[in-house]
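Heads up: the structure comes next, in structure tokens.
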Amino acid sequence: MTYRIKHILLAAVTLCGATSPTVYAGDQPTTVVELFTSQGCSSCPPANEFVGTLIDDEDKLVLSYGVTYWDYLGWEDTFGDPEFTQRQKAYGAALDIGYVYTPQIVLNGRDHNSRYTSEKVEKVQPLAPSDIQLTISEEKGRVAIDTNAPQVVIVTYTPGWQEVAVKRGENHGRKLKIANVVDDVERVKKSGRTKVEIEPGKAYAALVHDPITLQITAARILRNP
């Protein structure tokens, strides 16, 4: 499925997030797997299931974004947010493909496809060491992020699987399982220290993008804070 974008705002290219409560001080993934999906898209369930097979790999950060442009087909995505749709449009512009589609899997902000295999994900160029300083940790009930980058993206997501019973549209009657569902994306346009309140049951990722290509240049994860 494709959705052609006639007008892509240039501002979008400035995008720069039942276990015991264990604190991890900033796991560093080598691959960020971002899935743009829709509960109203009949092509999405296989991609949902595929990225879910990667969530237990500590070297990978899997994020599933619910987009909104298929809501008109009869089912409003219960995880959808226009901000996630805009994030995908920004990737569409930076990757010079002129449109967005579902399912779309973006690897490290640089490669995209509707279908990947585990072997192809393993072959993607990993995040390389750089001069960017980025840490994420828990401090007294808050997420603390320190960076020397001019802007950082903070992604809040629900780790693990969530199941949705779809009652209308292309996936009518199906129960969809979606992994690491993104709840919020916040762009912080300043270097230094940023703190956000921790929500119970959530995990957090800090991402730094190249301001032009949107390739991810640094990533850290705070799991189960």
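The values are calculated or read from the model by the stated rules, or taken from the named source; none is laboratory data. Keep in mind that this is a model prediction, so the values were computed, not measured. For neighbour counting, all protein chains shown are included, and Cβ atoms are generated from backbone atoms with ideal geometry for every residue, glycine included.
Miscellaneous remarks
- Of the residues making up the range 154-176, those that are loosely packed, with under 13 Cβ neighbours inside 10 Å and not in a loop (DSSP other than H, G, I, E, B) number 3.
- Search result, residues across the range 144-182 that are of a type in the set (D, E, K, R) and either more than 25 Å from ASP27 (Cα to Cα) or touching an Asp or Glu at 6+ places or on another chain (Cβ under 7 Å) (or both): GLU163, LYS167, ARG168, GLU170, ARG174, LYS175, LYS177
- Condition met for GLU139 (exposed (fewer than 14 other Cβ atoms within 10 Å of the Cβ), modelled with pLDDT under 95, under 28 Å from GLY192 (Cα atoms) and under 17 Å from the mean Cα position of the chain (by Cα)): no
- Residues of the range 112-138 that are in contact with a strand residue (DSSP E or B) (Cβ under 9 Å, 6 or more places away or on another chain), closer than 19 Å to GLY52 by Cα and acidic (Asp, Glu): GLU122 alone.
- Count - residues of the range 177-225 that are in a loop (DSSP other than H, G, I, E, B) and surrounded by fewer than 21 Cβ atoms within 10 Å (Cβ to Cβ): 15
- Selection of the range 142-153 for residues being surrounded by 14 or more Cβ atoms within 10 Å (Cβ to Cβ) and closer than 20 Å to VAL32 by Cβ yields VAL143, ILE145, ASP146, THR147, ALA149, GLN151, VAL152, VAL153.
Yes or no, residue by residue, for (1) touching a Leu at 6+ places or on another chain (Cβ under 6 Å); (2) among the aromatic types (Phe, Trp, Tyr); (3) under 20 Å from PRO29 (Cβ atoms):
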| position | (1), (2), (3) |
| --- | --- |
| ASP57 | no, no, yes |
| VAL62 | yes, no, yes |
| THR68 | no, no, no |
| TYR72 | no, yes, no |
| GLU76 | no, no, no |
| TYR101 | no, yes, no |
| ILE105 | yes, no, yes |
| ASP111 | no, no, yes |
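- Matching entry among VAL208, VAL185, VAL196 (being under 23 Å from ASP146 (Cβ atoms) and touching an Asp or Glu at 6+ places or on another chain (Cβ under 6 Å)): VAL185
- Residue in the range 117-126 that is over 21 Å from the mean Cα position of the chain (by Cα), buried (at least 17 other Cβ atoms within 10 Å of the Cβ) and of a type outside the set (Lys, Arg) present: no
- The set of residues in the range 38-92 being outside any loop (DSSP other than H, G, I, E, B), buried (at least 20 other Cβ atoms within 10 Å of the Cβ) and of a type in the set (A, V, I, L, M) consists of ALA47, VAL51, LEU61, VAL62, LEU63, ALA90.
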